[in-house]
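Undergrad: Pasting a structure here, questions to come.
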Amino acid sequence: MPESAGDRGDAAAYRLEDVTFRYPSASAPALRGLSLELGVAAFTAVIGPNGAGKSTLVRLLGGILEPSEGSVHLDGRPLVSWDRSALARRTAVVSQDAPPEALRVSLRGYVELGRNPYVSPWAPLAPRDEEVIGNALAWAGLDHLAHRPLAELSGGERQRAKLARAIVQEPGILILDEPSAHLDFRHALWIFDALRERVRDEALTVICITHDMQLASRYADRMILLAEGEGVAAGPPGEVLRSPALASTYGCEVRVESLGDLGHSVLPVRARPRGAASGASSPMEAP
Amino acid sequence: MTRTGRGALLLILLLAAAAVSGLLLGAANVAPADVWRALTGQETDPSARTIVLSLRLPRITAAALTGIALTISGTLFQALLRNPLAEPYLLGVSSGAALGAVLALTALGGVLGYLGTVGFALAGGLAAIGIVFRVALAVGRLDTHVLILAGVVVSAFFGAGVMLLLSLAEPDATRAAVLWTMGSLERAGWESTVALGLVTAAGGTVSFALSRHLNALALGEEAAAYLGARVELVRRSAYFIASLLAAVAVSTAGVIGFVGLVIPHGARMIWGSDHRRLLPLGALGGAAALVLADTVARVALRPLELPVGVVTALLGVPLFLVLLRRSYA
């Protein structure tokens with residue numbers, strides 16, 4: 001995969017070398033020979049069709065899965081050598097799973113779980129912990145809901161609660177798996193905007209898996225396109241979205257339009273029949 | 001005062017009230033003044049002294065410890081399986097312990113005495129745990145489905161062993177064995193509370209140390225790992241502690257049902273899912289509930305004594321239904 005000159009970060013937070021991952025019962029590997037670097041203090045969007053290996057990549061970066069072949073390094077150290085709670089202080093993951101409905105916990109209690117890597121069960125939270133939690137709740141605009149049961153919150157509020165919980169981990173790196181799925185555009189916009197702000201102000205490294213091409217291209221420094229477990233394009237969002245690989249990867253003719261400051265829009269035009277020669281036609285482009 | 005603080009105070013008062021009534025009431029009539037003199041080491045009637053210090057006090061202690069052990073065990077199982085209906089006997093501990101105890105009471109004719117029965121029950125319970133975990137760990141990581149299935153099957157196997165022994169035994173031995181399986185603290189003395197106390201203290205301490213990870217586990221194993229939990233280690237330790245607590249409780253007091261199900265579930269309904277509150281408050285509740293149930297068992301049909309497992313079910317189930325109705329209404 002070509003490394004682009006558009007990287008904002010100077011150093012890599014994560015470095016994947018020739019990573020292949022195969023689920024025990026699966027015939028084909030979920031990731032094959034993937035090599036990439038994820039820059040510090042940069043916003044990287046990972047796109048790709050369903051089944052491309054995006055969620056597997058999240059689990060690998062989060063240390064839940066270990067590569068079948070190849071290696072994953074974090075801050076120059078093999079990820080497998082990281083202690084679980086040290087890793088949780090460095091990397092926070094916002095996965096797709098919704099918190100279980102049956103969980104009887106207040107919003108604040110839920111967000112407080114983000115302090116787990118820092119606190120002992122024997123002592124109450126220190127003032128510093130309380131401060132971090134308070135700040136995260138205020139940042140997510142949730143402080144007025146702090147004592148409401150989590151189950152009573154709306155989908156948008158719950159998604160912000162997940163984000164607040166991750167921020168409470170005070171991570172240097174934040175990995176998100178489709179944070180804007182099922183959200184209306186106002187909430188989706190808020191999330192991308194809030195992440196961008198933290199990348200700028202706090203040098204947060206964001207790795208965001210998404211299907212929202214417009215928001216991704218508007219806010220990300222860099223975009224990675226995955227297909228069938230391989231990285232097929234990487235670089236500034238505009239370049240990746242305009243590359244012929246996009247149409248062939250998704251099996252769909254697309255029209256890509258530049259929206260100026262607002263990024264790019266990707267409009268699906270027509271699905272290609274299965275088995276059609278991939279990469280034969282390039283995406284149509286609007287002026 | 002916070003909701004938690006009020007709850008703790010209420011439960012402490014309840015436990016104290018239960019303990020006082022347990023000291024004052026019983027098959028024999030002992031005047032409150034004599035109970036007080038016996039407790040404070042003053043000159044008193046020797047029989048009153050024996051009843052209070054060697055019968056009632058150890059029995060109350062055993063009841064409280066058993067209640068705590070069962071409640072913590074149930075709380076852990078409910079957290080691990082993310083199922084509010086999980087209970088301490090899920091993995092076949094009770095059947096294993098029952099087989100051990102029934103073996104001691106029937107085939108060995110009860111010659112070993114109470115402590116021998118306790119020892120056999122403990123060995124049976126531990127054997128059940130050992131088999132279940134051996135099978136469940138054979139697949140590499142501790143698999144919940146394999147664990148539960150193994151528990152059910154081992155439980156059935158040991159249950160069949162109990163039936164076999166009972167069908168072959170003399171009527172007197174059979175009666176003693178059946179009564180044991182219904183749960184009783186009748187013969188609990190200071191000796192039997194030692195192991196129970198040590199295991200309960202150790203199990204409670206480790207459980208509390210795991211409490212934040214148990215909270216995270218409610219979000220799922222993957223989420224808990226992202227929050228810094230070494231999930232496999234946490235799960236294995238918690239399953240082991242939960243089973244061990246159930247084993248010592250059953251071996252001391254027989255099979256006492258519902259405490260390990262109703263108390264943790266009720267505590268969760270009232271105080272929420274945070275194990276840092278749930279474990280200590282539940283433990284207090286379990287202690288109070290079982291001391292109370294045992295007192296009722298002793299005095300309800302005085303001088304006849306009821307199996308305490310019957311009392312916990314008769315009192316616990318209606319209470320639980322009321323809680324359930326109020327909570328989900």
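The values are calculated or read from the model by the stated rules, or taken from the named source; none is laboratory data. Predicted model, so just to flag it, every value in this text is computed and none were measured. Note: ideal-geometry Cβ built from the backbone for every residue, glycine included; neighbour counts use all protein chains shown. Accessible surface is based on the protein model in full, side chains and every heavy atom, while ligands, DNA and RNA are left aside. Shrake-Rupley method; radii C 1.70, N 1.55, O 1.52, S 1.80 Å.
Residue-wise test of (1) buried (at least 18 other Cβ atoms within 10 Å of the Cβ); (2) in a strand (DSSP E or B).
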| site | (1), (2) |
| --- | --- |
| A:211 | no, no |
| A:218 | yes, no |
| A:224 | yes, yes |
| A:231 | yes, yes |
| A:238 | no, no |
| A:248 | yes, no |
| A:257 | no, yes |
| A:265 | no, yes |
| A:269 | no, yes |
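Undergrad: Let me ask another. Would you point out which residue out of B:76, B:80, B:149 is over 17 Å from the mean Cα position of the chain (by Cα) and in contact (Cβ under 8 Å) with a residue 40 or more places away in the chain? Spell out the reasoning first.
TA: On the way: B:76 fails: over 17 Å from the mean Cα position of the chain (by Cα); B:149 fails: in contact (Cβ under 8 Å) with a residue 40 or more places away in the chain.
After ruling out the rest, the residue left standing is B:80.
Undergrad: Going through the stretch A:123-153 one residue at a time, which ones are open to solvent by 80 Å² or more (accessible area, probe 1.4 Å), outside any loop (DSSP other than H, G, I, E, B) and either touching a helix residue (DSSP H, G or I) at 6+ places or on another chain (Cβ under 6 Å) or within 19 Å of residue A:190 (Cα to Cα) (or both)?
TA: Passing the criteria: A:135, A:143, A:144.
Undergrad: Could I ask something else about it? Considering every residue within the stretch B:229-251, establish whether at least one is open to solvent by 20 Å² or more (accessible area, probe 1.4 Å), closer than 24 Å to residue B:310 by Cα and more than 14 Å from chain A (Cβ to nearest Cβ).
TA: yes
Undergrad: Please specify each residue of the stretch B:179-221 satisfying the condition of being away from every other protein chain (no Cβ under 14 Å), over 16 Å from residue B:61 (Cα atoms), open to solvent by less than 40 Å² (accessible area, probe 1.4 Å) and at pLDDT 90 or above.
TA: Across the stretch B:179-221, the qualifying residue is only B:203.
Undergrad: May I ask you to list the residues in the stretch B:27-36 that are farther than 24 Å from residue B:186 by Cβ and open to solvent by 80 Å² or more (accessible area, probe 1.4 Å)? Give the derivation first.
TA: To start, the set of residues in the stretch B:27-36 that are farther than 24 Å from residue B:186 by Cβ comprises B:33, B:36.
Across the stretch B:27-36, the qualifying residue is only B:36.
Undergrad: Could I ask something else about it? Go through the residues of the stretch B:185-202 one by one and say whether even a single one is of a type in the set (A, V, I, L, M) and over 18 Å from the mean Cα position of the chain (by Cα). Steps first, answer last, please.
TA: Quick first cut of the stretch B:185-202, residues of a type in the set (A, V, I, L, M) only: B:185, B:188, B:194-196, B:198-199, B:201-202.
Filter once more, so that each one left must be over 18 Å from the mean Cα position of the chain (by Cα): none.
Among the residues of the stretch B:185-202, not one is of a type in the set (A, V, I, L, M) and over 18 Å from the mean Cα position of the chain (by Cα), which makes the answer no.
Undergrad: Shifting gears a bit: Just one of A:34, A:57, A:87 is touching a strand residue (DSSP E or B) at 6+ places or on another chain (Cβ under 9 Å), assigned to a helix (DSSP H, G or I) and within 15 Å of residue A:230 (Cα to Cα); which is it? Break it down into steps so the answer makes sense when it comes.
TA: Numbers: A:34 fails: assigned to a helix (DSSP H, G or I); A:87 fails: within 15 Å of residue A:230 (Cα to Cα).
None of the other options fit; the residue is A:57.
Undergrad: Moving on. Select from the stretch A:97-107 the residues that are open to solvent by less than 50 Å² (accessible area, probe 1.4 Å) and over 22 Å from the mean Cα position of the chain (by Cα) and write down the one among them that is farthest from the other protein chains (Cβ to nearest Cβ). Even if it seems obvious, please write down each step before you answer.
TA: Of all residues in the stretch A:97-107, those open to solvent by less than 50 Å² (accessible area, probe 1.4 Å) come to A:99-100, A:103, A:105-107.
Pick out the ones that are also over 22 Å from the mean Cα position of the chain (by Cα) and you get A:103, A:105-107.
Values: A:103: 6, A:105: 5, A:106: 7, A:107: 12 Å.
Result: A:107.
Undergrad: I would also like to ask the following. Away from chain A (no Cβ under 14 Å), modelled with pLDDT under 85 and either open to solvent by 50 Å² or more (accessible area, probe 1.4 Å) or part of a helix (DSSP H, G or I) (or both): does that describe residue B:57? I'd like the intermediate steps shown before the answer.
TA: On the way: away from chain A (no Cβ under 14 Å): yes; modelled with pLDDT under 85: no; either open to solvent by 50 Å² or more (accessible area, probe 1.4 Å) or part of a helix (DSSP H, G or I) (or both): yes.
Answer is no for this residue.
Undergrad: What are the residues in the stretch B:78-102 that are surrounded by fewer than 20 Cβ atoms within 10 Å (Cβ to Cβ) and either in contact with a Lys or Arg (Cβ under 6 Å, 6 or more places away or on another chain) or not in a loop (DSSP other than H, G, I, E, B) (or both), if any? Talk me through it step by step, then tell me what you get.
TA: Start the filter on the stretch B:78-102 by keeping residues that are surrounded by fewer than 20 Cβ atoms within 10 Å (Cβ to Cβ), which leaves B:81-85.
Scanning the stretch B:78-102 gives a single hit, B:81.
Undergrad: Being touching a residue at least 12 places away in the same chain (Cβ under 8 Å) and farther than 26 Å from residue B:9 by Cα narrows it down to one of B:317, B:299, so name that one. It would help to see each step written out before you state the result.
TA: Details: B:317 fails: farther than 26 Å from residue B:9 by Cα.
Of B:317, B:299, the one residue that is touching a residue at least 12 places away in the same chain (Cβ under 8 Å) and farther than 26 Å from residue B:9 by Cα is B:299.
Undergrad: In this structure, is residue A:71 closer than 27 Å to residue B:233 by Cβ, open to solvent by 50 Å² or more (accessible area, probe 1.4 Å) and small (Gly, Ala, Ser)? Full working, then the answer.
TA: Working: closer than 27 Å to residue B:233 by Cβ: yes; open to solvent by 50 Å² or more (accessible area, probe 1.4 Å): no; small (Gly, Ala, Ser): yes.
No; evaluated as a whole, the condition is false for this residue.
Undergrad: Checking residue A:43 against (1) within 14 Å of another protein chain (Cβ to nearest Cβ); (2) open to solvent by less than 10 Å² (accessible area, probe 1.4 Å); (3) farther than 28 Å from residue A:26 by Cα, which test does it fail?
TA: Unmet condition: (1).
Undergrad: I would also like to ask the following. From A:93, A:119, grab the single residue that is surrounded by fewer than 18 Cβ atoms within 10 Å (Cβ to Cβ), touching a helix residue (DSSP H, G or I) at 6+ places or on another chain (Cβ under 7 Å) and either at pLDDT 90 or above or away from chain B (no Cβ under 11 Å) (or both). Let's see the steps before the verdict.
TA: Numbers: A:93 fails: surrounded by fewer than 18 Cβ atoms within 10 Å (Cβ to Cβ).
The conditions single out A:119.
Undergrad: Of all residues in the stretch A:73-85, how many are in contact (Cβ under 8 Å) with a residue 12 or more places away in the chain and facing chain B (nearest Cβ under 10 Å)?
TA: So the count comes out to 2.
Undergrad: Oh, and also: Could you look through the stretch A:46-68, keep only residues that are exposed (fewer than 15 other Cβ atoms within 10 Å of the Cβ) and of a type outside the set (Asp, Glu), and pick out the one that is farthest from residue A:25 (Cα to Cα)?
TA: Residues of the stretch A:46-68 that are exposed (fewer than 15 other Cβ atoms within 10 Å of the Cβ), as a first pass: A:50-51, A:66.
When the remaining residues are screened for being of a type outside the set (Asp, Glu), the result is A:50-51.
Values: A:50: 19, A:51: 15 Å.
Ranking the candidates gives A:50 first.
Undergrad: Using beta carbons and a limit of 6 Å, which pairs, at least six apart or on different chains, have the first residue in the stretch A:39-59 and free of Cβ contacts under 8 Å to residues at least 24 places away in the same chain and the second one outside any loop (DSSP other than H, G, I, E, B)?
TA: Matching pairs, first to second residue: none at all.
Undergrad: Can you find even one residue in the stretch B:43-53 that is in contact with a helix residue (DSSP H, G or I) (Cβ under 9 Å, 6 or more places away or on another chain), part of a loop (DSSP other than H, G, I, E, B) and open to solvent by 50 Å² or more (accessible area, probe 1.4 Å)?
TA: If we filter the stretch B:43-53 for residues that are in contact with a helix residue (DSSP H, G or I) (Cβ under 9 Å, 6 or more places away or on another chain), which is where we start, we get B:43-45, B:48-53.
Those left that are additionally part of a loop (DSSP other than H, G, I, E, B): B:43-45.
Next, from what is left, pick out any that are open to solvent by 50 Å² or more (accessible area, probe 1.4 Å): B:43, B:45.
Scanning the stretch B:43-53 turns up at least one residue that is in contact with a helix residue (DSSP H, G or I) (Cβ under 9 Å, 6 or more places away or on another chain), part of a loop (DSSP other than H, G, I, E, B) and open to solvent by 50 Å² or more (accessible area, probe 1.4 Å).
Undergrad: Cβ-Cβ below 6 Å, separation at least six or inter-chain, first residue in the stretch B:227-238 and without any contact (Cβ under 8 Å) to a residue 40 or more places away in the chain, second open to solvent by 50 Å² or more (accessible area, probe 1.4 Å): which pairs?
TA: B:231/B:221
Undergrad: Here is a further query. Every residue in the stretch B:103-127 that is open to solvent by less than 20 Å² (accessible area, probe 1.4 Å) and among the small types (Gly, Ala, Ser), please.
TA: Across the stretch B:103-127, the qualifying residues are B:104, B:116, B:121, B:124, B:125.
Undergrad: Still on this model: Between a first residue in the stretch A:172-190 that is touching a residue at least 24 places away in the same chain (Cβ under 8 Å) and a second residue that is part of a helix (DSSP H, G or I) and of a type in the set (Lys, Arg), which pairs have beta carbons less than 7 Å apart while being 6 or more apart in sequence or on different chains?
TA: As it stands, the answer is A:172/A:90; A:173/A:90, since those pairs meet every condition given.
Undergrad: Do we have any residue at all in the stretch A:60-72 that's hydrophobic (A, V, I, L, M, F, W, C) and away from every other protein chain (no Cβ under 14 Å)?
TA: Filtering the stretch A:60-72 down to residues hydrophobic (A, V, I, L, M, F, W, C) leaves A:60-61, A:64-65, A:72.
Keeping just the survivors that are away from every other protein chain (no Cβ under 14 Å) gives A:72.
Yes, because at least one residue in the stretch A:60-72 is hydrophobic (A, V, I, L, M, F, W, C) and away from every other protein chain (no Cβ under 14 Å).
Undergrad: Another question about this same structure. Would you mention how many residues in the stretch B:257-281 are under 21 Å from residue A:120 (Cα atoms) and either open to solvent by less than 10 Å² (accessible area, probe 1.4 Å) or at pLDDT 90 or above (or both)?
TA: So the answer is 8.
Undergrad: State yes or no: is residue A:186 more than 16 Å from the chain's Cα centre (by Cα), in a helix (DSSP H, G or I) and farther than 28 Å from residue A:127 by Cα?
TA: On the way: more than 16 Å from the chain's Cα centre (by Cα): yes; in a helix (DSSP H, G or I): yes; farther than 28 Å from residue A:127 by Cα: yes.
Criteria met by residue A:186.
Undergrad: Consider residue B:144 against the criteria (1) among the β-branched types (Val, Ile, Thr); (2) closer than 15 Å to residue B:235 by Cβ; (3) open to solvent by less than 20 Å² (accessible area, probe 1.4 Å): it satisfies all of them except one. Which criterion is unmet?
TA: (3)
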